[in-house]
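Have a look at the structure below before the remarks.
The values are calculated or read from the model by the stated rules, or taken from the named source; none is laboratory data. Model, not experiment: these values are computed from the prediction. Cβ placement follows ideal geometry from the backbone for every residue including glycine, while neighbour counts extend to all protein chains displayed.
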Amino acid sequence: MKRRDILAIAGATTLASSLPAGAQPAMPVVGHLSAGSPATSALSLARFRDGLKEGGYVEGRNVAIAFRWAEGSYERLPALAAELAALKVAVIVAIGTPAAQAAKQATQLIPIVFQSGTDVVQSGLVASLSRPGGNATGVTFNVVQLSHKRLEVLRELVPNIRTVVYLHRPGAVPSDAQLADVQAAARGMGLALQIVEAHSARDIESAFVQLAERRPDGLLVAADWLFLVQGAQIAALAARHAIPAIYDTPTPVAAGGLVSYGPARDDLYRTLGVYTGRVLGGARPADLPVHQPTQFELVINLKTARALGLTIPPAILVRADEVIE
């Protein structure tokens with residue numbers, strides 16, 4: 001066992017050794033499997049811990065958390081999920097559809113609480129939203145359905161916008177799921193859509209070289225964990241090439257990106273923590289309906305807008321949930 005696991009579950013192991021055979025340890029261990037990275041997850045983890053606390057669980061006091069991060073590399077997820085399954089954690093919290101699918105492949109017995117941005121029925125994570133069945137439930141929002149809204153926001157911010165580039169990660173579940181919808185949304189809005197691909201972090205710099213050569217009026221960044229992990233790099237490249245870009249999460253906006261629109265983080269990750277607490281308390285994932293958030297947030301970076309020569313319409317400023325000066 002790796003040292004990080006020993007530190008995460010030492011208390012639980014000590015307590016378990018003194019219990020009668022078949023009894024449960026006093027401090028359960030939550031396995032946290034993420035397609036993202038610690039650097040981009042501080043706020044979501046804080047909200048997740050808030051949700052756990054609502055159920056009476058406080059990390060280090062009566063629950064331990066063993067973390068596994070794929071850093072945007074989906075191919076690492078199956079091995080990381082297998083590690084958590086081998087640890088026999090009480091529940092696996094899977095952040096992102098690829099992480100949830102890896103967890104489902106690793107175990108049919110350990111409860112799974114997921115956060116997913118794709119159709120969880122179509123992807124096989126649950127049988128239905130109201131009656132998940134199996135060993136998984138969680139929180140889901142459809143990033144595909146948000147593509148049109150993001151293009152609308154970009155069109156409001158960029159006067160006379162005509163051409164948009166979609167930064168796409170081919171072969172990745174979140175990005176592929178959005179592609180057809182983005183194309184349809186662009187056609188419906190009379191926008192010319194071009195696609196630039198990046199398979200990994202090392203492709204992003206060259207993708208922006210292609211992107212800049214096409215001289216688009218705007219950039220739509222796919223809701224993909226690679227692009228979240230590399231959000232600061234993408235925001236810096238968009239600024240260097242003076243391209244207005246919209247993201248699905250505020251993290252790149254805080255790093256200098258222009259604007260984001262997506263599910264409200266507070267509600268999303270707090271609910272994830274609440275569900276995890278309910279499972280730790282004995283609830284079966286099969287009986288917990290999948291939660292669909294109804295709150296969404298618009299975040300704008302005014303400093304970046306000024307650098308791009310954009311004047312943010314008052315109507316958008318009024319709608320914004322957060323404005324970064």
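Assorted remarks:
- Scanning region 225-260 for residues that are in contact with a strand residue (DSSP E or B) (Cβ under 7 Å, 6 or more places away or on another chain) and aromatic (Phe, Trp, Tyr) yields 227, 247.
- Consider region 47-59 and keep the residues that are at pLDDT 95 or above and part of a loop (DSSP other than H, G, I, E, B). The one that is surrounded by the most Cβ atoms within 10 Å (Cβ to Cβ) is 57.
- Region 287-308 - residue that is assigned to a loop (DSSP other than H, G, I, E, B) and at pLDDT below 95 and, of those, surrounded by the most Cβ atoms within 10 Å (Cβ to Cβ): 293
- Residue match in region 59-72 (condition: outside the structural domain of residue 39 (by TED's automatic domain parsing), small (Gly, Ala, Ser) and under 23 Å from residue 35 (Cα atoms)): no
- Pick from region 238-252, criterion assigned to a helix (DSSP H, G or I) and surrounded by 23 or more Cβ atoms within 10 Å (Cβ to Cβ), ranking: nearest to the chain's Cα centre (by Cα): 251
- Within the set 212, 222, 192, 185, the sole residue that is touching a Ser or Thr at 6+ places or on another chain (Cβ under 7 Å), without any contact (Cβ under 8 Å) to a residue 40 or more places away in the chain and closer than 20 Å to residue 259 by Cα turns out to be 185.
- Restricting attention to region 205-218, the residues that are surrounded by 14 or more Cβ atoms within 10 Å (Cβ to Cβ) and either touching a Phe, Trp or Tyr at 6+ places or on another chain (Cβ under 8 Å) or among the acidic types (Asp, Glu) (or both) add up to 1.
- Boolean, residue 227 is aromatic (Phe, Trp, Tyr), surrounded by fewer than 24 Cβ atoms within 10 Å (Cβ to Cβ) and either closer than 30 Å to residue 134 by Cβ or in the same structural domain as residue 159 (by TED's automatic domain parsing) (or both): no
- Region 61-157 holds helices (runs of 4 or more DSSP H) entirely within its bounds, and those carrying 1 or more residues that are among the hydroxyl-bearing types (Ser, Thr, Tyr) map to 97-106, 143-157.
- Considering each residue of region 142-162 in turn, none proves to be hydrophobic (A, V, I, L, M, F, W, C) and farther than 23 Å from residue 196 by Cα.
- Here residue 134 passes the criteria (1) touching a residue at least 12 places away in the same chain (Cβ under 8 Å); (2) assigned by TED's automatic domain parsing to the domain that holds residue 232; (3) surrounded by fewer than 20 Cβ atoms within 10 Å (Cβ to Cβ) except the one numbered (2).
- Test: residue 123 is over 18 Å from the mean Cα position of the chain (by Cα) and surrounded by fewer than 21 Cβ atoms within 10 Å (Cβ to Cβ): no
- Top-ranked residue in region 261-309 [being β-branched (Val, Ile, Thr) and in contact with a strand residue (DSSP E or B) (Cβ under 6 Å, 6 or more places away or on another chain); ranked as nearest to residue 59 (Cα to Cα)]: 276
- Any chance residue 202 is touching a strand residue (DSSP E or B) at 6+ places or on another chain (Cβ under 9 Å), more than 22 Å from residue 312 (Cβ to Cβ) and among the basic types (Lys, Arg): no
- Among residues of region 206-234, those that are in contact with a helix residue (DSSP H, G or I) (Cβ under 9 Å, 6 or more places away or on another chain) and either part of a helix (DSSP H, G or I) or of a type in the set (A, V, I, L, M, F, W, C) (or both), counted: 18
- Selected residue (criterion: modelled with the lowest pLDDT) from residues of region 68-114 that are closer than 20 Å to residue 289 by Cα and small (Gly, Ala, Ser): 96
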